[in-house]
Amino acid sequence: MALWVLGINHRTASVEKRERVSFPESEMAPALQNALQLPGVHELAVMSTCNRTEFYVVGDEHITRQALVEWWGAWLDVEPASFEECVYVHEEQHAAQHVMRVACGLDSMVLGEPQVLGQLKEAYNQAYAAGTTGTILSRLFEHAFSVAKRVRTDTAIGENPVSVAYAAVSMSRHIFSDLRRKSALLIGAGETVELVAQHLAQAGIRDLTVANRSIERAEQLASRFEGKAVSLSAVPDELPGADIVIASTGSQLPILGKGAVEHAIRRRKHKPIFMVDLAVPRDIEPEVGELDDIFLYTVDDLHSVIEENRRSREGAAQEAEHLVQEGASGFMYQLRALDAVATLKQFRGEVESVRDAELDKALRSLASGGDPETLLRSMARTLTNKFLHHPTVQVRKATAEGRVEVTDWLRELHGMEPISGETGDADAGERSPQDTSVSPTESSTRNPS
């Protein structure tokens, strides 16, 4: 069973391409269940955020990169040729390591961003609810969450948390030197906007308006910062009074168009508005950026702030990378151990079958008046011969063929000390399983266990 990750992110694709191939939250469950029907796919989870869309896949040799890319494009009605050059693939340990780097914020636009861990947990929860996860993905995600917790605890990467939300607020200071007298309009009320509100409040802004489709959610968030809550339909009316506009919703269509912004600028007598669109797909029409007195940025425009953060956290990131490598190696060790389960079950079943057959035979003989000691000795000899016959034949054959490592494995399996110059009984272990003529002493001497 193969483990791999396939996707695009902020490093391989522009925001225009990322928004075209992102999955609406409402479509995630049916999309997961449909993709699980692809030949060779056994487990699947998908994370789709403003910075990445990634498939986490457990499959067999029938699944191919091209098959998933074609399904991806078909489901979203996007031509695969328009984005497939942006797609990356990680396999086996590299896939596990990638998931853990994502969980720790090491693969984020903002190094060490804590928000992505919550997004990864949500992706796992959605896949679990859709019934598309299994043993391997469940173990992978739980392992990744554990590594992320350790990174937060054991390194300084989580000190003074920085996120895209923080970067957006920091960028606003390049437009307005003093935020305390400015007003802000936040469009959306999710986790990202909540972080934006926190950073704005810390920067001194007191005039805060939250616009959201659910007015109840807007009121909950606005009340925490003594702000005002409005519905999305009220955004054009609130826009003229806003110096800062930051948007992050799950809408598939723009919330704010060029016409509404032009009207607001006229009413503001051309006082500038700083706008940041953190959503994918975008909430603010790109044409808004063409207007005078509008400073519009997307998540891809925050690189300067993000790079400054990256430099400050390089030391902690190196420590985190070491923990991620350890975590990925540990997970793959567990995964390889799982591969032995089926074989061990079969092995135990066959041994128990032989044991039960001999025990039943001995019990019948005992019920017929047989001597208990004689029967026990006979059963012990028979079990010893039957258990050792096939392994002995195969070890001798392997050794004769030059595969001497088989004897080393035998010694390791049974905890036997290595000895030199062993020739042994040429007939040892090659007697028929039905041959019970070996004495108890001789049998115990030849039994490696």
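Yes or no: Ala123 closer than 23 Å to Gly40 by Cα and free of Cβ contacts under 8 Å to residues at least 12 places away in the same chain? No, not satisfied.
Look at Phe55 and say whether it is under 23 Å from Asp283 (Cα atoms) and among the hydrophobic types (A, V, I, L, M, F, W, C). Please lay out each step first, then the result.
On the way: under 23 Å from Asp283 (Cα atoms): no; among the hydrophobic types (A, V, I, L, M, F, W, C): yes.
No; evaluated as a whole, the condition is false for this residue.
Residues of the stretch 42-76 that are among the charged types (D, E, K, R), open to solvent by less than 50 Å² (accessible area, probe 1.4 Å) and not in a strand (DSSP E or B): Asp60 alone. Of the numbered criteria (1) open to solvent by 40 Å² or more (accessible area, probe 1.4 Å); (2) in contact (Cβ under 8 Å) with a residue 60 or more places away in the chain; (3) out of contact with any helix residue (DSSP H, G or I) (no Cβ under 9 Å at 6 or more places or on another chain), the one Gln37 fails is (2).
Going through Glu61, Glu70, Glu92, Glu85 one at a time, which residue ends up being at positive phi and of a type outside the set (Gly, Ala, Ser)? Spell out how you get there, then give the answer.
On the way: Glu61 fails: at positive phi; Glu70 fails: at positive phi; Glu85 fails: at positive phi.
Going through Glu61, Glu70, Glu92, Glu85 in turn, the sole match is Glu92.
Scan the stretch 247-266 residue by residue and report those that are over 14 Å from Cys50 (Cα atoms) and outside any loop (DSSP other than H, G, I, E, B). Selection gives Leu256, Lys258, Gly259, Ala260, Val261, Glu262, His263, Ala264, Ile265, Arg266.
Here the stretch 267-292 is the region considered, the condition is being assigned to a helix (DSSP H, G or I) and either among the small types (Gly, Ala, Ser) or under 21 Å from Asp207 (Cβ atoms) (or both), and the residue that is farthest from the chain's Cα centre (by Cα) is Arg267.
Answer yes or no: is there a residue in the stretch 173-191 that is closer than 13 Å to Ile244 by Cα, within 32 Å of the chain's Cα centre (by Cα) and modelled with pLDDT of 95 or more. I'd like the intermediate steps shown before the answer.
Of all residues in the stretch 173-191, those closer than 13 Å to Ile244 by Cα come to 173-187.
Filter once more, so that each one left must be within 32 Å of the chain's Cα centre (by Cα): 186-187.
Then keep just the ones that are modelled with pLDDT of 95 or more; that gives 186-187.
The answer is yes; a qualifying residue exists.
Consider the stretch 1-25 and keep the residues that are in contact with a Ser or Thr (Cβ under 8 Å, 6 or more places away or on another chain) and part of a loop (DSSP other than H, G, I, E, B). The one that is surrounded by the most Cβ atoms within 10 Å (Cβ to Cβ) is Val21. Restricted to the stretch 400-420, and to residues there that are assigned to a loop (DSSP other than H, G, I, E, B) and of a type in the set (Asp, Glu), the residue that is least open to solvent (accessible area, probe 1.4 Å) is Glu401.
So that you can scan it fast, the table gives a plain yes or no per residue for (1) open to solvent by 10 Å² or more (accessible area, probe 1.4 Å); (2) in a loop (DSSP other than H, G, I, E, B); (3) in contact (Cβ under 8 Å) with a residue 24 or more places away in the chain:
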position: Val78; (1), (2), (3): yes, yes, yes
position: Gln93; (1), (2), (3): yes, no, yes
position: Val99; (1), (2), (3): no, no, yes
position: Val102; (1), (2), (3): no, no, yes
position: Leu106; (1), (2), (3): no, yes, yes
position: Glu113; (1), (2), (3): yes, yes, yes
position: Leu117; (1), (2), (3): yes, no, yes
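One residue stands out among those in the stretch 281-300 that are without any contact (Cβ under 8 Å) to a residue 60 or more places away in the chain and surrounded by fewer than 19 Cβ atoms within 10 Å (Cβ to Cβ): the one that is nearest to Lys258 (Cα to Cα), which is Glu287.
Within the stretch 311-333, identify whether any single residue is outside any helix (DSSP H, G or I) and under 30 Å from Val58 (Cα atoms), and answer yes or no. Outline the logic, then answer.
Taking the stretch 311-333 first, the residues outside any helix (DSSP H, G or I) are 313.
When the remaining residues are screened for being under 30 Å from Val58 (Cα atoms), the result is none.
For the stretch 311-333, residues outside any helix (DSSP H, G or I) and under 30 Å from Val58 (Cα atoms): absent.
Residues of the stretch 119-137 that are part of a helix (DSSP H, G or I), of a type outside the set (Asp, Glu) and open to solvent by 30 Å² or more (accessible area, probe 1.4 Å): Gln119, Lys121, Asn125, Gln126, Tyr128, Ala129, Thr135.
The values are calculated or read from the model by the stated rules, or taken from the named source; none is laboratory data. Everything numeric here is computed off the predicted structure, so don't read it as measured data. Please note: Cβ atoms are built from the backbone with ideal geometry, for glycine as well, and neighbour counts cover all protein chains shown. These accessible areas exclude ligands, DNA and RNA; they are computed on the full protein's heavy atoms, side chains included. Shrake-Rupley method; radii C 1.70, N 1.55, O 1.52, S 1.80 Å.
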